[in-house]
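Have a look at the structure below before the remarks.
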């Protein structure tokens, strides 16, 4: 697990101007993402752009756990779903069940908080295990939640779930319109991305990575291993929860299909395809996966498009076990400055114990 | 180095922004075809596409003087995936007419989606949940394929009077279409005096039915089964293995060709099962036999078209007929086209079809029984035709609405 999840460490950061610290790669990316609405149609703005950012955030929460904590979770979509169902129950829906009509500024933070607590709870159960057993436990949690939501009508409204969930109209803007929705997703994703980058270099992040590499030694020095891991789960829950709120605003509905095993594995695929070494990986993976799932049917027809998707994923992982990040590293310009690509490279001077 | 980076950025930019490459020909009309090409209902989805293509080929691929261009979208029977696929077809591929979806709750979700695109016309595939059109309908959503309660017309009385069943347990999937079917069956069966002491609802894609089979009371006269595709096959073979003796009553898709053609030891449990639905395999009406011939030209066709093929055929044919009427003119946001659809009354392989004020079909329904034909294939033998069944099953609309929305617990007659 640690090999797959060896996120970079860059302990010696010399004092630099903020522009240098951000790095040219980030600036180019930011400019592109900011002017993207000028070039893209509404469909590409929301169905590809917004949706990729949302899935990217959910996968980012997995990357945080797997990359820095060595804990691969299949329950991230479940956490996002918890936030989504909270929005449906406490906000407004037209399924005729609950819908307490809370305003968005109340239900959205509440949903994120509830999701993060659920994530911490799942984490608290899962940290007793390691490696493949963590995967199994989180898969069990995800599956149990899916079936419970599907068969419980009192709280989750069973198979049809909730529909008619509208994004709020605030500050004179309807936030499900293509451009506002895209920028909303972009802003949230940027915050989540920056937070993960920052957390990874913080004392907490470094201790978490140390725990990933050698929990026994960390425990011997006096670190509370369980608390660090559960805290990481809670942070991941905040990100997944925020993505969950955006997801129901995007779909306008939530049903057990949103949190079934297929989507749960989809998140893992996104994270693996993108690469677990750097927080940008999940977003790259999300773009590729969303593009494939949307357009494969136009390339090979309705009968075999899932085969094509599978083959492309296999090809990526076959050529580069580190996903798209690994591909980038292979072909990236060697003169790259102090941008994130050097951060990725930093993993090579990682010391293994 | 710079070149490589620029190139990469360029590739990314074009990849993310390029609109669909298919250059729209001046004289073509795009029709979206939304069905379940993945998941538990994939076999059903493929057959529905055969039905739709049968209609397209019947008109030589033209409608209103323009070439028909079919764009396919796939869902996995979950409402979310159906809306995502519909959104792609409408917002990216730019279809102005969409035929689909296949499954019950998908229909309700797509109906809600339809309200956000009033200039696009949605024609139902085979989705047969009652509330797609009965409650809170969308102005631009049309259903020429009748709903699951209509499909049950005549079955409740038949098993009570002819078969002498007084007490029946039900096993059905846990979503809106089977609710609708159970509602349609019980409406007549309970009215005749029958009792339904036990109802089992199982999730779609369930694999292990042992607990469900064990929970069926011993003293029931028969079991009403409303499961589809792989679920029906799994239940029936496990029921057979468990030595189940009670005779079966079939929901419309339980004894459909998608199940009857499945391999395995289903034969013994299935023969003699009464059911009702919008099609009957042994129908000898020349319109039906011609449809079967046309359908069989499709690749991978079943010995007889499934009701999904039939429903998509009827929906697609309605779209083409209305397009012919307006000469392919959709320039007014489809206003004229939808008006033509609403007034459309046409001869299908299963009799006349017309729409009510909620744009739901009024059509003939067939009572059938599973038999073996001379080739050893299982087919649905036509017993009786119930002519022109409407959505309220002949009951006054207000009275019918008062029965409440279909659900796990409605109706009930223990």
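State all residues of region A:144-166 that are within 10 Å of chain B (Cβ to nearest Cβ) and part of a strand (DSSP E or B); if no residue qualifies, say none.
Selection gives A:163 alone.
Looking for something buried (at least 17 other Cβ atoms within 10 Å of the Cβ) and either closer than 27 Å to residue B:107 by Cβ or out of contact with any helix residue (DSSP H, G or I) (no Cβ under 9 Å at 6 or more places or on another chain) (or both) - is there at least one such residue anywhere in region A:181-197?
Checked region A:181-197: at least one residue is buried (at least 17 other Cβ atoms within 10 Å of the Cβ) and either closer than 27 Å to residue B:107 by Cβ or out of contact with any helix residue (DSSP H, G or I) (no Cβ under 9 Å at 6 or more places or on another chain) (or both).
Among the residues of region B:164-191, what is the count of those that are assigned to a loop (DSSP other than H, G, I, E, B), modelled with pLDDT under 90 and over 25 Å from residue A:96 (Cα atoms)?
0
Would you confirm, using the coordinates I've provided, whether residue A:348 is within 12 Å of chain B (Cβ to nearest Cβ), modelled with pLDDT under 85 and farther than 22 Å from residue A:266 by Cβ?
In short, no.
Taking region B:192-209, which residues are at negative phi and within 13 Å of chain A (Cβ to nearest Cβ)?
Hits for region B:192-209 are B:200, B:201, B:202, B:203, B:204, B:206, B:207, B:208.
I'm checking my understanding of the structure. Among residues of region B:43-96 that are closer than 18 Å to residue B:299 by Cβ and surrounded by fewer than 20 Cβ atoms within 10 Å (Cβ to Cβ), which one is nearest to the chain's Cα centre (by Cα)?
Restricting to residues being closer than 18 Å to residue B:299 by Cβ and surrounded by fewer than 20 Cβ atoms within 10 Å (Cβ to Cβ), the top hit is B:70.
Tell me the residue from B:107, B:100 that is modelled with pLDDT under 90, surrounded by 24 or more Cβ atoms within 10 Å (Cβ to Cβ), under 27 Å from residue B:393 (Cβ atoms) and within 13 Å of chain A (Cβ to nearest Cβ), please.
B:100
Residues in region A:229-277 that are crowded, with 24+ Cβ neighbours inside 10 Å, touching a strand residue (DSSP E or B) at 6+ places or on another chain (Cβ under 9 Å) and not in a helix (DSSP H, G or I): how many?
Residues flagged as crowded, with 24+ Cβ neighbours inside 10 Å, touching a strand residue (DSSP E or B) at 6+ places or on another chain (Cβ under 9 Å) and not in a helix (DSSP H, G or I) within region A:229-277 amount to 3.
Just for region A:10-58: of the residues that are surrounded by fewer than 16 Cβ atoms within 10 Å (Cβ to Cβ), assigned to a helix (DSSP H, G or I) and at pLDDT below 80, which one is farthest from the other protein chains (Cβ to nearest Cβ)?
A:18
I'm checking my understanding of the structure. Among residues of region B:381-391 that are touching a helix residue (DSSP H, G or I) at 6+ places or on another chain (Cβ under 8 Å) and closer than 17 Å to residue B:145 by Cβ, which one is surrounded by the fewest Cβ atoms within 10 Å (Cβ to Cβ)?
The extreme case among them is B:390.
The values are calculated or read from the model by the stated rules, or taken from the named source; none is laboratory data. In this text the structure is predicted, and so the values were computed from the model without any measurement. FYI the Cβ positions are ideal-geometry reconstructions off the backbone, even for glycines, and counts take in every protein chain you see.
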